[in-house]
Structures are given as structure tokens and as C-alpha cells.
Amino acid sequence: MKHRKILGCRIKGTKERGAWAEMYFMVLAMSYGLRVSSPYGGLGPYDVGVENGTGPILRVQVKCTLYQCCAGSYCMSVNVKDGSRGRRGYAPGTVDFFAIYIIPTDDWYIVPYAVVGDRDANLYFRPGMKGQKYGEYREAWHLLLDAAKSRGAGTVDMQACWDEGEAEDARELMRQAAVRKMFRGVFQGQADNPTSR
């Protein structure tokens, strides 16, 4: 699918470039039949939610880089700012995949969280080179497609517990609601019928 134009190199600001990469990722994910969403205000621990409509919503952190650290090799820091403490890795349960975009070569790497884990990591990519560490994740959109499939055969495992005290409270609330409804009916009936006064 290498018919995409490389426009990100023209965007100067890192925030703007990051927002562009997120939108680019969403368009490409949609072209694979996935549905996408974004946490309101960009305040979530991930950038894009991805699903197929029947399976789980996958949390994807989108990263992009222009930085070539040596001939043909690109470096990407995978971490979050942690206030005055500097940077740290992503906590377990906050991200399912990292979508890392190498802008100059127009390559996407779809890397599962388990590969990076919760460490503050610098990942190195060598697009088009044989034997690169993350080569199996280059254009690995199938990983998102497979993970977005419905888990189980349409069944939902629900668990509940019963507290007798809470049940009695619920019955009392239902009785009170019934009394209120009765009085509302009486008053509304009188309001509707002026001769009943």
C-alpha cells in the first residue's frame, strides 16, 4: 500500500505533526475496515481507539519521527512525560498497540504493547533493511485486525453479587416511588379535570 504521499515532513511543529500522524493513522485504519475514535480533548492515555464493531476497543498510541540517527536508521522514544520526574514508560492497561510512523520513508510499524512493556524505551527502525529488530511489525495492520475480532462466541460473562440489606433498601425505594406515582396521578388528574375540585 505504498501509494501514500509523504506530507508530514513539511509540518514544522511537533504537536501539529503528531496530530497529523494521528489523523493519517485513522484514515489508514478505516481503509482496513476498522472504526476509529479519539478521546475527547486528547486527554486519554492513548491517542486512538480502534474497533471492528463487534470486538474490543483497542487503545493505540500513535508516534511519528523524522529523526534519522544514522544512515537508514530512525529512532523513536516510547514514553510519557511524568511531571518533574522526567519520562517513564506506559503503564500496563493504558495502551494495546503503538503505531509508529517513520515519516521520510512512509512506513508504519504496528507494535503490540507486550513488545515494549512499561519501560522507557528508545526503539530503532531500519525500514527496508533485512534483519531489523522490529521488521515483523512493519505495515503489520493484520495485528490490529486480528486483535479487534470479537472474543468468544457472542457470549458475555456477567457476574453479580446480592446483598440482602441492599435488596431491602431497593424494595423500600420502589414502594416510595409507587406512592409518589400514585400522588402525581391524583394531582395531575385534578389538574386535568377542573370540576373535581
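Each value in this text was obtained by applying a stated rule to the coordinates, not by laboratory testing. Keep in mind that this is a model prediction, so the values were computed, not measured. A quick note on method: Cβ atoms are made from the backbone with ideal geometry, for glycine too, and the neighbour counts reach across all protein chains shown.
Might you report the magnitude of the Cβ-based charge dipole of region 79-140 about its Cα centre, with Lys and Arg at +1 and Asp and Glu at -1, to the nearest 20 debye? Don't skip to the end; give the middle numbers.
Numbers: 9 positive and 8 negative charges, 61 e Å.
Roughly 300 debye for region 79-140.
To the nearest 20 debye, what is the magnitude of the charge dipole of region 8-147 about its Cα centre, counting +1 on the Cβ of each Lys and Arg and -1 on the Cβ of each Asp and Glu?
Details: 16 positive and 13 negative charges, 104 e Å.
Computed charge dipole of region 8-147: roughly 500 debye.
Work out the FRET efficiency for residue 82 and residue 175 from their Cβ-Cβ distance, taking R0 = 35 Å, and round it to the nearest 0.05. List each step's numbers first, then the result.
Numbers: r = 52 Å, r/R0 = 1.49.
In this case the efficiency is close to 0.10.
Pairs over the 28 Å Cα-Cα cut-off, from the set 63/133; 81/130; 63/130: 81/130. Count Lys and Arg as plus one, Asp and Glu as minus one, and take only other residues whose Cβ is under 10 Å from that of residue 94; the net charge is then -1. Of the residues 103, 57, the one with the fewest other Cβ atoms within 10 Å heads the list, and the complete ranking is 57, 103.
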